[in-house]
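Engineer: My structure is below; once you've seen it, I'll send some questions.
The values are calculated or read from the model by the stated rules, or taken from the named source; none is laboratory data. What you are looking at is a predicted structure, and each value in this text was computed from that prediction instead of being measured. Virtual Cβ from ideal backbone geometry, glycine too; neighbours counted across all protein chains shown.
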Amino acid sequence: MRDLKPEDFKKPKSPEPDAYIPPRYWNNFVIKGKKLDGIGYATYRLHVLGDRKNRELALRIRDVYMAYTIFAGGERIGAAGRFGTDEASEIPQYLPQVVDFPTAAHEYDIIMNVSNFHHFRGGMPNQILLGNERDIRGMREIKLFSEILFFGGIILMGLYHLFLFAIRKKDRSPLYLGIFCVVISLFTLITGERYLIYLFPDTSWNVFALFIALCYFFSMIVFSMYWNSLYPDEFPKIILRVFQVIGTVFIIIAIVTPPRIFLYSTLIFDVMIIAGCVYVIYVLIIAAVKKREGPLIFLAGFIILSIFIVNDILYDIGIIKTGQLFSMGIFLFLFFQSIALSMRSGRSFAAIENLSRELKSKTDELAELNLSLERKVQERTKDLDKAQGELKTLLSVFSEMNDNLFDVNRELEYAQKTMQQDMEMAGSVQAQFFSKIPPTVEGWDLAFALKPIAIVSGDLYDFYMTGDRLAGASLFDVSGHGVASGLITMLAKSISYRQFMHNPAANLNHVLRMINEELIQEVGNLGNYISGIMLRFTDGRVDYVNAGHPDIIIKRSDTGRAEIVGKGSRDFKGMFLGFSFFTRPYGMLTFEMKQGDALVMYTDSLVESINGEERQYGIRKLLNCCESAFADATATELLDFIMNDFKTFIGETPQMDDLTVIIIKKL
């Protein structure tokens, strides 16, 4: 480390150089067998042989870490911050600038004192350009103009998206993109030519360094929220929380630590940014495969943005010398975003035009109907005058009809009473077919609830026992209500029991097919269809078939999570029972149950019932309810927990369909 001034090189014996260092960071450079770190100070010297005297030249100096003083021809011509030989004497400053100076001789020295005691990297990472003053200033002005142009375009796009959110708050993606654009537009002013420093020259370097870091860290949080709002299924909340936590941790580091530490943390954050780019590209590819709206256009724009992000990261750490291109990348990404927005708007306008045409057509039809109605009113008025003459005759007829209606009403009351008695008898007979309490079985805990809306139920359930072992269970739902549905439940229960118990070696999907065939053979193609599920238990293995019935749910004891059985492999589900023209074979799914796992079987009334606000109870609320129950709940306790949650949600809304819920827990 040496602090040399122009007069030191005018002595008869000039100082010998320690090394010839090209434009780069000092870090890891070896001088006299010693590897340098970023802390220290040095003197750079360039001896220039000019072509003529009295020529106006200029130097274009970009970022130098972290302070410097520059001399030309022995005169001090510029500085950034205050060069120092220790941390106390140095004042750091980012200050890209053009320094002009006249040449009074053919030969002259350009000497630069550089110090760094505040950044983890030191030195001159960029070339210093020497040339005609007009040319050098022109180069900087072009660069500055392009950055201001990018700033204006980006912040206008941000304000535009914030305006979109203000008029339509249901979609949050414009809000997040608008905030991201505003943050990035400010980021463009503090990087590159660092124009913001010229607007606030008295602000300390520590504040600018913190501002750069906060913009960098916060932008990742907002950008991840933007992708989650666009594609919530492909970019789930758990991944969003990871990005938010990482960004928040780095923001806290930037606030509570000195610049040398939190700026060093940006190297780690760079890795997170690259990983995030890769993940977003993966999300967009998955969205394109699933045929979501607009992912290919977003993908093209984001790949370009990712390339520019990687370029800037490599440039910042000194691997490449291409310059910072992030502003251009954001600008191109927003261009692709505008294309996608235009396509969406085009589709919306086309839909509006179609609706306008339909509205005009309906208006014309309404006008024609109005004219037709006026003509008919006139005709009816004439008919009414004529009908008044006939009214007296009709009154005498109505009197006679009234007497007849009294007799008919009395017969109907008798028929209704007889039908009610038949319904009660059918309900009594049906009740004998179904056990009122679940069987007690070693290794299993069973519970169920049946809530019919009439005397006769269209739901049927059964537990299949082999000795004292639980061999299987089933739940079926016959469409419609009344005696017909009740009779079909008793027939279906008998057939399903016989086929299950007589075919223990047959695959369960074959048993379901035989049940369907026998049902059709017994009653032909049913006017009422039947949905249902059937399970066969073999130790911890469960065979599962489904004929158009709502999915069953399993609550895992080891994680406490509730999930839909077979969610990722829906091909095993078959069509309803009772129709011969459904020829697609039934599939079978086999899964494992561990000790403490619980199955939830239910008819569609549970998830399709609505409350007074016209909202369905739904499968998502049922899953959340199952997860909320305490882990060691018995089958009866879990059943009561679900039914109480269901009743609380439904409130006073009347039940519209038969409801059955079965809990099977492995002990």
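Engineer: If a residue has to be among the small types (G, A, S) and assigned to a strand (DSSP E or B) to count, how many in region 46-93 make the cut? Show your work before the answer.
Structural biologist: Within region 46-93, the subset among the small types (G, A, S) is 50, 58, 67, 72-74, 78-81, 84, 88-89.
If we keep only those that are assigned to a strand (DSSP E or B) too, we end up with 58, 67, 72, 78-80.
Residues flagged as among the small types (G, A, S) and assigned to a strand (DSSP E or B) within region 46-93 amount to 6.
Engineer: Looking only at region 544-581, count every residue that is over 32 Å from the mean Cα position of the chain (by Cα) and either acidic (D, E) or more than 21 Å from K493 (Cα to Cα) (or both) and tell me the total.
Structural biologist: Residues that pass the stated criteria total 1.
Engineer: Being over 30 Å from E293 (Cβ atoms) and of a type in the set (D, E) is the filter here, so list the residues in region 346-375 that pass it. Walk me through it before giving the result.
Structural biologist: Kept after step one, since they are over 30 Å from E293 (Cβ atoms), are these residues of region 346-375: 363-375.
Of everything in region 346-375, those that are over 30 Å from E293 (Cβ atoms) and of a type in the set (D, E) turn out to be D364, E365, E368, E374.
Engineer: Looking at region 388-402, is at least one residue exposed (fewer than 11 other Cβ atoms within 10 Å of the Cβ), of a type in the set (V, I, T) and at pLDDT 80 or above?
Structural biologist: no
Engineer: Can you tell me which of A484, A506, A492 is surrounded by fewer than 17 Cβ atoms within 10 Å (Cβ to Cβ), closer than 23 Å to K573 by Cα and of a type in the set (G, A, S)? Working first, answer last.
Structural biologist: Values: A484 fails: closer than 23 Å to K573 by Cα; A492 fails: surrounded by fewer than 17 Cβ atoms within 10 Å (Cβ to Cβ).
From the options A484, A506, A492, the qualifying one is A506.
Quick grid of which residues meet (1) under 19 Å from Q127 (Cα atoms); (2) modelled with pLDDT of 90 or more; (3) not hydroxyl-bearing (S, T, Y):
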{"position": "V30", "(1), (2), (3)": "no, no, yes"}
{"position": "G40", "(1), (2), (3)": "no, yes, yes"}
{"position": "H47", "(1), (2), (3)": "yes, no, yes"}
{"position": "R52", "(1), (2), (3)": "no, no, yes"}
{"position": "G74", "(1), (2), (3)": "no, no, yes"}
{"position": "A80", "(1), (2), (3)": "yes, yes, yes"}
{"position": "D86", "(1), (2), (3)": "no, yes, yes"}
{"position": "E90", "(1), (2), (3)": "no, yes, yes"}
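Engineer: Any idea how many residues of region 18-44 are over 17 Å from K321 (Cβ atoms) and surrounded by 13 or more Cβ atoms within 10 Å (Cβ to Cβ)?
Structural biologist: The number of residues fulfilling the criteria is 10.
Engineer: Restricting attention to region 467-498, report how many residues are aliphatic (A, V, I, L, M) and either more than 23 Å from P585 (Cα to Cα) or within 44 Å of the chain's Cα centre (by Cα) (or both). Please lay out each step first, then the result.
Structural biologist: The first filter runs over region 467-498 and keeps only residues aliphatic (A, V, I, L, M), leaving 470-471, 473, 475, 478, 483-484, 487-488, 490-492, 495.
Of the ones still in play, those that are also either more than 23 Å from P585 (Cα to Cα) or within 44 Å of the chain's Cα centre (by Cα) (or both) are 470-471, 473, 475, 478, 483-484, 487, 490.
Looking only at that region, the number is 9.
Engineer: Output the number of the condition that M66 fails; it satisfies all remaining conditions of (1) closer than 20 Å to L129 by Cβ; (2) surrounded by 20 or more Cβ atoms within 10 Å (Cβ to Cβ).
Structural biologist: That leaves (1) as the condition not met.
Engineer: Here's another thing I want to ask about it. With F646, F641, F591 as the choices, which residue is surrounded by 20 or more Cβ atoms within 10 Å (Cβ to Cβ), in contact (Cβ under 8 Å) with a residue 12 or more places away in the chain and under 30 Å from D543 (Cα atoms)? Spell out the reasoning first.
Structural biologist: Working: F641 fails: surrounded by 20 or more Cβ atoms within 10 Å (Cβ to Cβ); F591 fails: surrounded by 20 or more Cβ atoms within 10 Å (Cβ to Cβ).
When all the criteria are applied, what remains is F646.
Engineer: Follow-up question, since we're still on this one. Please specify each residue of region 25-74 satisfying the condition of being over 23 Å from H118 (Cβ atoms) and among the basic types (K, R).
Structural biologist: Within region 25-74, K32, R45, R52, K53, R55, R60 qualify.
Engineer: On the given criteria, is F269 buried (at least 19 other Cβ atoms within 10 Å of the Cβ) and part of a helix (DSSP H, G or I)? If you could, list the steps in order and put the result at the bottom.
Structural biologist: Numbers: buried (at least 19 other Cβ atoms within 10 Å of the Cβ): yes; part of a helix (DSSP H, G or I): yes.
It is true that F269 is buried (at least 19 other Cβ atoms within 10 Å of the Cβ) and part of a helix (DSSP H, G or I).
Engineer: So if I check each of I533, I564, I610, which one is modelled with pLDDT of 90 or more and surrounded by 16 or more Cβ atoms within 10 Å (Cβ to Cβ)?
Structural biologist: Details: I564 fails: surrounded by 16 or more Cβ atoms within 10 Å (Cβ to Cβ); I610 fails: surrounded by 16 or more Cβ atoms within 10 Å (Cβ to Cβ).
Checking each option against the conditions leaves just I533.
Engineer: Looking at (1) assigned to a loop (DSSP other than H, G, I, E, B); (2) closer than 25 Å to F211 by Cα, which is the only condition V98 fails?
Structural biologist: Of everything listed in (1) assigned to a loop (DSSP other than H, G, I, E, B); (2) closer than 25 Å to F211 by Cα, V98 misses just condition (1).
Engineer: If I ask for residues that are surrounded by fewer than 19 Cβ atoms within 10 Å (Cβ to Cβ) and in contact (Cβ under 8 Å) with a residue 24 or more places away in the chain, which ones from region 168-181 would you list? Give the steps one after another, and end with the answer.
Structural biologist: Step one: filter region 168-181 for residues surrounded by fewer than 19 Cβ atoms within 10 Å (Cβ to Cβ), giving 168-173.
D171, R172, S173 - these are the residues of region 168-181 that are surrounded by fewer than 19 Cβ atoms within 10 Å (Cβ to Cβ) and in contact (Cβ under 8 Å) with a residue 24 or more places away in the chain.
Engineer: Then there is this: Just checking, how many residues over region 523-549 are polar (S, T, N, Q) and outside any strand (DSSP E or B)? Before the answer, list the steps.
Structural biologist: Filtering region 523-549 down to residues polar (S, T, N, Q) leaves 525, 528, 531, 538, 546.
Still in the running and outside any strand (DSSP E or B): 525, 528.
Count: 2.
Engineer: Restricting the first residue to region 268-289 and requiring it to be within 14 Å of G301 (Cα to Cα) and charged (D, E, K, R), which pairs with a second residue that is assigned to a helix (DSSP H, G or I) and modelled with pLDDT under 95 meet a Cβ separation below 7 Å and a spacing of at least six or different chains?
Structural biologist: That search, which allows pairs on different chains as well, returns nothing.
Engineer: Give the residues of region 530-544 that are more than 30 Å from D658 (Cβ to Cβ) and either aromatic (F, W, Y) or in contact (Cβ under 8 Å) with a residue 12 or more places away in the chain (or both), sorted by residue number. Steps first, answer last, please.
Structural biologist: As a first pass, look at region 530-544 and keep what is more than 30 Å from D658 (Cβ to Cβ): 538-541.
Selection gives G540, R541.
Engineer: Quick check on my filter: what residues within region 88-136 are under 23 Å from L267 (Cα atoms) and surrounded by fewer than 15 Cβ atoms within 10 Å (Cβ to Cβ)? Spell out how you get there, then give the answer.
Structural biologist: Going through region 88-136, the residues under 23 Å from L267 (Cα atoms) turn out to be 92-96, 115-127.
Within region 88-136, just Q127 meets the criteria.
Engineer: Filtering region 1-28 down to residues that are of a type in the set (A, V, I, L, M) and in contact with a strand residue (DSSP E or B) (Cβ under 7 Å, 6 or more places away or on another chain), which residue is modelled with the highest pLDDT? Don't jump to the end; show me each part of the working.
Structural biologist: Residues of region 1-28 of a type in the set (A, V, I, L, M): 1, 4, 19, 21.
So of that shortlist, the ones also in contact with a strand residue (DSSP E or B) (Cβ under 7 Å, 6 or more places away or on another chain) come out as 1, 4, 19.
Numbers: M1: 71, L4: 89, A19: 81.
Out of the qualifying residues, it is L4.
Engineer: For F582, work out the one condition from (1) more than 18 Å from G472 (Cα to Cα); (2) of a type outside the set (K, R); (3) surrounded by fewer than 15 Cβ atoms within 10 Å (Cβ to Cβ) it doesn't fulfil.
Structural biologist: Failing condition for F582: (3).
Engineer: Name the single residue that is nearest to E193 (Cα to Cα) among those in region 105-131 being among the polar types (S, T, N, Q) and touching a Gly at 6+ places or on another chain (Cβ under 9 Å). I'd like the intermediate steps shown before the answer.
Structural biologist: The initial filter retains those residues of region 105-131 that are among the polar types (S, T, N, Q), namely 113, 115-116, 126-127.
Of the ones still in play, those that are also touching a Gly at 6+ places or on another chain (Cβ under 9 Å) are 115-116, 126.
On the way: S115: 21, N116: 20, N126: 13 Å.
Result: N126.
Engineer: Could you tell me whether any residue of region 499-515 is over 38 Å from the mean Cα position of the chain (by Cα) and among the β-branched types (V, I, T)? Before you say what the answer is, go through the steps one by one.
Structural biologist: Taking region 499-515 and keeping what is over 38 Å from the mean Cα position of the chain (by Cα), we get 499-508, 510-515.
Narrowing further to those that are among the β-branched types (V, I, T): 511, 515.
Yes, region 499-515 contains at least one residue that is over 38 Å from the mean Cα position of the chain (by Cα) and among the β-branched types (V, I, T).
Engineer: Now, a different point. Test V245 against the stated conditions and say whether it is touching a Cys at 6+ places or on another chain (Cβ under 9 Å), among the β-branched types (V, I, T) and in a helix (DSSP H, G or I). Walk me through how you get there before you give the answer.
Structural biologist: On the way: touching a Cys at 6+ places or on another chain (Cβ under 9 Å): no; among the β-branched types (V, I, T): yes; in a helix (DSSP H, G or I): yes.
Spelling it out, it is not the case that V245 is touching a Cys at 6+ places or on another chain (Cβ under 9 Å), among the β-branched types (V, I, T) and in a helix (DSSP H, G or I).
Engineer: Under 8 Å between Cβ atoms, which residue pairs at least 6 apart in sequence (or on different chains) link something in region 617-637 that is in the same structural domain as T559 (by TED's automatic domain parsing) with a partner that is among the aliphatic types (A, V, I, L, M) and assigned to a loop (DSSP other than H, G, I, E, B)?
Structural biologist: E637/A629
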